[in-house]
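Here's the structure we're looking at; comments come further down.
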Amino acid sequence: MTAEDTTTQDVITHNVGRDVLTVLRAYGVDTAFGIPGTHNLEFYRHLPELGIHAVTTRHEQGAGYAADGWSMQTGLPGLVITTSGPGLLNALSAAATAYAESRPMIILTPGPPLGQEFADIGALHETKDGRAAADAVVQWSRRVESGREAVQAVHDAMELFRIGRPRPVVIEVPLNILEGPSDCPHELLRARPEPEPVAGEAEQVTRAAQLLAGAARPVILAGGGAVRAGADVTALAERLGAPVVTTLNGRGVVPESHPLAVGATLRLKAAHALVNDADVLLVLGSKVGEAELWWGPVRPSGQVIRVDLLSTQIHKNLPAQVGIVADAGVVVGQLLQALPAQPGAGSDQGEGGTPAAEGARRAAQARTEIDRESREWAPATTACCDALAAGMPADVILGADSSQICYYGTANMVPLQNPNSYLYMATYATLGYGLPASIGAKIASPHRPVVCVLGDGALMFSVQEFMTALEQALDLVVVCVDNGGYREIEENEADRGIAPIGVRLDQPDWAALVTAFGGTGTSIRAAADLPEALQEAIGAGGVHLLHVPLSLFEAEEET
Ligand SMILES: Cc1ncc(C[n+]2csc(CCOP(=O)(O)OP(=O)(O)O)c2C)c(N)n1
Ligand SMILES: [Mg+2]
């Protein structure tokens, strides 16, 4: 071997691609979702050596959703590696989803070599401006000009995820930089220590505590920003006797079997009634997003306290009298300190006796009304959901999609006991999310049962990811509720007096389809069989599709 060969080898083993992945590995990221391509191989080369598991999805959209599901379990950013051009663009719906849902994600992509920007020379995957396309949907996208800048971009992203509002970023590394020699000092490749989360200002915390201590009908509304503080939020709810409504991203912050839990039910009028009746509403880490408010904004008759990481969020969709710009988890701890041990001076001790008992009574009443309202919306779909709930393990991670069985059903009819256990995207509502997100979650949490329940339309958006699940040797149950096409859109059409167009869809032989991939498929023949069939599929292991014709439950409604 000549001296020149040694140098070439040295550049390959210590190139910029390796530095970027080294620093990500130092932060704990041990899984990368993506598809290798001609341009991104100097990322892929280093994955085995660094102990980063490469998961090849069958479309970059799936890589992004799988990374999101993985991230929800680990608390780390989901890592996506795309090739340049179409690979990156294919991942952008997933990036936009992570943006809308405030979830951390890093997309690594190669870009044209320095000096070849806008060259329009017909180079492979040449895109007018891939970075700008990405920038339009993520928190930031950065085209770096050196290895050192690439590593710095990773540190900046991690700082955003740890103390800011977590949202996706794209790091574009020009091909010649990616393949070129490392220029980064070794000490920059270490993970930085976790910064202290931001605490609330003492004066505002005291004011909030006074309001809450004097409340007769307190209610807590918890969003995705509160999920890391589940135990404290539960303790606060108990101390105050406050029913807890969550957003879909806040599900499980308080176990949904808890007497004070009212679930992720903001879509329903009965939950609005509870929230609007509050004399003090405490909103923790939520944008109170419009997409979840089917009946318009919530407007409590009393005072509103909001806690959010960003000052821009404090009055968004719901004006607040007290706004605390800080980490919701830290503020809940501060409130527990500031509140008297015997709370609820103003609490209506009503029939229930203690504030906690009175809160539980209000929560139970709300749940009864919510349940009635849910069933009125979609009787067959909710009957199907009841059957699924009967077969669902308590510690399940539940994949979901933008299908009626989810937002009329599993969103509030299958109780979840843990946070980050409902894989969903209430705001972006992107079809094709459920299966890949479930794959990512199962890879991150192999010991928890993962069941993905979704519609026939949603499943067809990502059906190729069955192959990924099988290749990764996962135990995963997918329940496809088949109502013969895009039922929600058919109903939207009917509301506008449009005859069904483009919504009644032919179906494959679902059981045979998954069998062709190498999994197991079962088509349910009777509604009553569903709970047991679900339990059996979970027990059997491997990749299992349960095909559930909704007509089985519609027939029951008619009898
Ligand atoms: C990427 C994407 N394309 C289109 C839509 C519009 N859309 C919303 S719901 C829906 C129907 C989904 O069908 P399915 O999953 O079978 O659920 P169903 O409404 O039939 O219960 C469509 C097409 C969307 N949400 N996302
Ligand atoms: Mg459908």
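Here are some notes:
- Per-residue [θ]222 nm for the chain (sum of -39500 (n - 2.57) over DSSP H runs n ≥ 4, rounded to 500): -12000 deg cm²/dmol
- Folded to 0 to 90 degrees: helix 86-100 orientation relative to the chain principal axis, Cα: 30
- Peptides 185-192, 386-393, 226-233 ordered by average Cβ neighbours within 10 Å, highest first: 226-233, 386-393, 185-192
- Of all stretches in the chain that contain no chymotrypsin sites (Phe, Trp or Tyr not before Pro) in a DSSP loop with at most 13 other Cβ atoms within 10 Å, the longest one is 296-559.
- For LYS287, the aspartates and glutamates whose Cα falls under 17 Å of its own Cα, not counting residues fewer than eight places away in the same chain, are GLU101, ASP308, ASP327.
- Annotation for region 133-181: GluC sites (Glu not before Pro) lying in DSSP loop with at most 15 further Cβ atoms inside 10 Å of their Cβ are GLU145.
- Residues with amide H under 5 Å from that of LEU423, placed H, sequence gap 5 or more: LEU398, GLY399, ALA400
- Helix 230-240 and the long axis of the chain differ in direction by around 20°, with both axes built from C-alpha atoms.
- In the context of the full set of protein chains, the chain has a per residue accessible area of 39 Å² (1.4 Å probe).
- Centre-to-centre, using Cα atoms only, region 177-238 and region 240-258 are separated by 17 Å.
- Rounded, prolate or oblate (a/c below 1.5 giving rounded, otherwise prolate when a/b exceeds b/c) for region 258-374 by Cα gyration tensor: oblate
The values are calculated or read from the model by the stated rules, or taken from the named source; none is laboratory data. Model, not experiment: these values are computed from the prediction. FYI the Cβ positions are ideal-geometry reconstructions off the backbone, even for glycines, and counts take in every protein chain you see. Ligands, DNA and RNA are stripped out before the accessible areas are found, and what is left, the full protein with its side chains, is counted by its heavy atoms. Shrake-Rupley method; radii C 1.70, N 1.55, O 1.52, S 1.80 Å.
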